[in-house]
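The values are calculated or read from the model by the stated rules, or taken from the named source; none is laboratory data. These numbers were taken from a predicted model, which means no experiment stands behind them. Every residue, glycine among them, receives a Cβ derived from its backbone with ideal geometry; neighbour counts consider all protein chains shown.
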Amino acid sequence: MLSNKLTLGTIALVLAAYPAVATAQTSGADAAYIAKVSTAAPAAVVKSATIVQMQNDGSMRTIQSGTNGFTCMMIDPTTPMCADKYAMSWMQALLTHGTPPEGVGFVYMLAGDDGASNTDPYAKGPTADNHWLKTGPHVMIVGTEAKSMGYPANADADATTPYVMWSQTPYAHIMIPVSVSP
């Protein structure tokens, strides 16, 4: 799930700058960044993905140009993710309060996250009534089909089994916890 502290702003800047990114050569710092991002998805996905990094001025820099349709990045200092093209469009809709595109997308977050509200996509932190959950390593299926896939959609979800997050919003998506082997 997307950590809602810095993530929404970070991803908004990523999506706004994404079409205009420039490719750079890999440095030692880039290699360290790629190593962090690599914990988001299986090695074969990261190897062929576009890897982008937010710069201090809000611009984006492409560290690695990819061929598999996935974009990988750190969405806050501790949370890496890799998303396919559709999931990136879905996130843009979420960030702009827009209408999600039709279709289905996929997101890897195998390093887990810091948690998020299960009911409010824009919550900044846990409160007594926003049903904050920390899922740990997971993948997400995003898109308009999520509500109809038959997974539990209650506010107090069991974060150890698949569930629908943000079920009462246009941004409903399936959270699927996974075990990650070292």
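Applying the condition of being among the hydroxyl-bearing types (Ser, Thr, Tyr) and closer than 24 Å to THR144 by Cβ to the range 63-110 and asking which residue is nearest to the chain's Cα centre (by Cα) yields TYR108. Exactly one residue out of THR50, THR79, THR23 is of a type in the set (Val, Ile, Thr) and modelled with pLDDT under 85, and it is THR23.
For the range 152-182, a tally of residues being within 17 Å of GLY136 (Cβ to Cβ), part of a loop (DSSP other than H, G, I, E, B) and not acidic (Asp, Glu) returns 10.
Checking the structure you have, find out if any residue of the range 123-131 is surrounded by fewer than 16 Cβ atoms within 10 Å (Cβ to Cβ), charged (D, E, K, R), in contact with a strand residue (DSSP E or B) (Cβ under 8 Å, 6 or more places away or on another chain) and not in a strand (DSSP E or B). Give the steps one after another, and end with the answer.
Step one: of the range 123-131, the residues surrounded by fewer than 16 Cβ atoms within 10 Å (Cβ to Cβ) are 124-129.
Still in the running and charged (D, E, K, R): 124, 129.
Checking the rest, the ones that are also in contact with a strand residue (DSSP E or B) (Cβ under 8 Å, 6 or more places away or on another chain) come to none.
Within the range 123-131, not a single residue is surrounded by fewer than 16 Cβ atoms within 10 Å (Cβ to Cβ), charged (D, E, K, R), in contact with a strand residue (DSSP E or B) (Cβ under 8 Å, 6 or more places away or on another chain) and not in a strand (DSSP E or B).
Could you list, in sequence order, the residues of the range 160-175 that are in contact with a strand residue (DSSP E or B) (Cβ under 9 Å, 6 or more places away or on another chain) and surrounded by fewer than 14 Cβ atoms within 10 Å (Cβ to Cβ)? Selection gives THR160, THR161. Listed conditions (1) surrounded by fewer than 22 Cβ atoms within 10 Å (Cβ to Cβ); (2) assigned to a strand (DSSP E or B); (3) β-branched (Val, Ile, Thr) are all met by THR99, apart from (2).
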